[in-house]
Amino acid sequence: MNPTDQIERTIERLHLTTRAETDKHILDDAFAALEKSSPKQSPHVGRSTQQRALRIRIAELAAVAAVILVVFALFFGTRATRAVGLGEIYEALGRVENVCIATFQPPANEPLQTEWVSQTLNIDMVRFGEQFVLWDITNKIRMIKYLSSASLRTEAVSEEMLAKAEKAIHQTFGLLPFAYYKEAPEDAQWSRMDDTQVAAVVPDTKVYELIWQEKSTTSEAIGFRKWRVFVDTHTSLPKRAEHYFKIDHEEDYKFEKYEVITYPGEDEIQMDIRKTFGPSAGRPDEPGYMSTPGDRPR
């Protein structure tokens with residue numbers, strides 16, 4: 001939207017209207033006050049001259065007031081719709097401790113996977129269909145359970161695997177295209193979308209797109225990735241993220257997947273874990289049952 005359109009729309013939103021009765025009442029009061037406070041005028045100076053002068057002065061003041069109202073509306077309106085930078089999203093996520101990410105692959109309506117991550121609990125739980133996998137970093141174990149059976153398997157995890165899992169938990173939850181803001185290519189394009197139909201997908205959000213070039217590691221082919229994110233207008237946190245890709249010579253992007261992001265409390269995540277893996281799951285210094293070869297799981 002260009003500045004002229006913004007000014008016109010802002011003026012339209014002011015809805016400033018006056019009534020003839022109100023104008024007459026104000027002018028009559030002004031004339032009466034003027035006659036009481038003004039020194040005696042020459043008989044040749046008529047009431048009509050005073051009225052014309054006062055009308056001109058009132059019109060000038062009204063014009064100034066209207067300009068001030070427009071300036072304030074534009075100033076505060078611009079601040080309310082200020083664009084969010086990519087770095088601000090990284091900063092906002094850096095202050096978050098718990099997140100739930102549901103990943104969908106179009107056109108399916110059921111999530112391909114759902115992940116609960118808690119930095120305070122040092123836990124990552126993932127659901128793939130009927131399978132749940134719990135990475136308990138504190139207790140250095142991985143628990144696996146299938147909904148179709150009562151079996152529960154608990155495994156010790158190597159330090160290398162634990163380090164990778166912990167790194168994923170503390171690097172913006174794997175939600176953003178790059179682990180760190182500075183890793184984004186210098187020629188990457190960050191822009192806001194003004195499409196109202198797209199914005200309506202997730203209410204109370206602003207929609208942005210990050211586009212960057214990606215070279216194949218196995219060939220000379222060049223592609224482009226597009227990350228579309230729906231950002232909460234109050235917190236600057238992503239509520240939905242869409243991933244697209246296209247080869248250099250193609251016109252349209254292919255819609256690969258999208259993520260729906262929520263921010264549950266620690267208690268909510270802990271409740272989901274215990275509901276799935278039992279009351280002792282996720283508690284420090286309380287490793288669950290660890291199976292041995294040939295032993296039947298409890």
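Under 5 Å from the amide H of residue 201 lies no amide H of any residue 5 or more positions distant or on a separate chain, with H modelled from the backbone and absent for Pro and chain starts. With Cα atoms defining each centre, the range 160-175 and the range 195-254 are spaced 23 Å apart in the structure.
Let's test the formula: R0 of 22 Å, r as the Cβ-Cβ distance of residue 180 and residue 95. What FRET efficiency results, to the nearest 0.05?
Values: r = 16 Å, r/R0 = 0.71.
Once rounded, the FRET efficiency stands at 0.90.
Would you mind putting 241-254, 261-274 in packing order, based on average other-beta-carbon counts within 10 Å, highest first?
Values: 241-254: 13.3, 261-274: 15.9.
Highest-to-lowest ranking by the protection proxy: 261-274, 241-254.
Using the Cβ-Cβ distance between residue 198 and residue 164 with R0 set to 30 Å, the FRET efficiency works out to roughly 0.25. Per-residue extension of 0.36 nm, minus the Cα-Cα distance of residue 151 and residue 191, leaves a gain of 9.5 nm for this segment. Expressed in Å, the radius of gyration and Dmax of the Cα atoms of the range 86-262 are 17.9, 52. What the Cβ-Cβ distance of residue 221 and residue 130 gives, at R0 = 35 Å and to the nearest 0.05, is a FRET efficiency of 0.40. Lysine pair count for the range 176-286 with Cα-Cα distance under 25 Å and sequence separation of 8 or more or different chains is 23.
Among 88-98, 223-233, how do they line up from the highest to the lowest mean number of other beta-carbon atoms within 10 Å?
On the way: 88-98: 15.8, 223-233: 19.2.
Put in order of decreasing packing, that is 223-233, 88-98.
Per-residue Karplus couplings for the range 130-139, computed as 6.51 cos²θ - 1.76 cosθ + 1.60 with θ equal to phi - 60°, are listed in order as 9, 9, 10, 10, 10, 9, 9, 5, 4, 8 Hz, Gly and Pro entered as x.
FYI, it's all coordinate maths here, none of it is from the lab. Just so we're clear, the structure is a prediction, and the values are computed from it rather than from any experiment. Cβ atoms come from the backbone with ideal geometry, glycine included; neighbour counts cover every protein chain shown.
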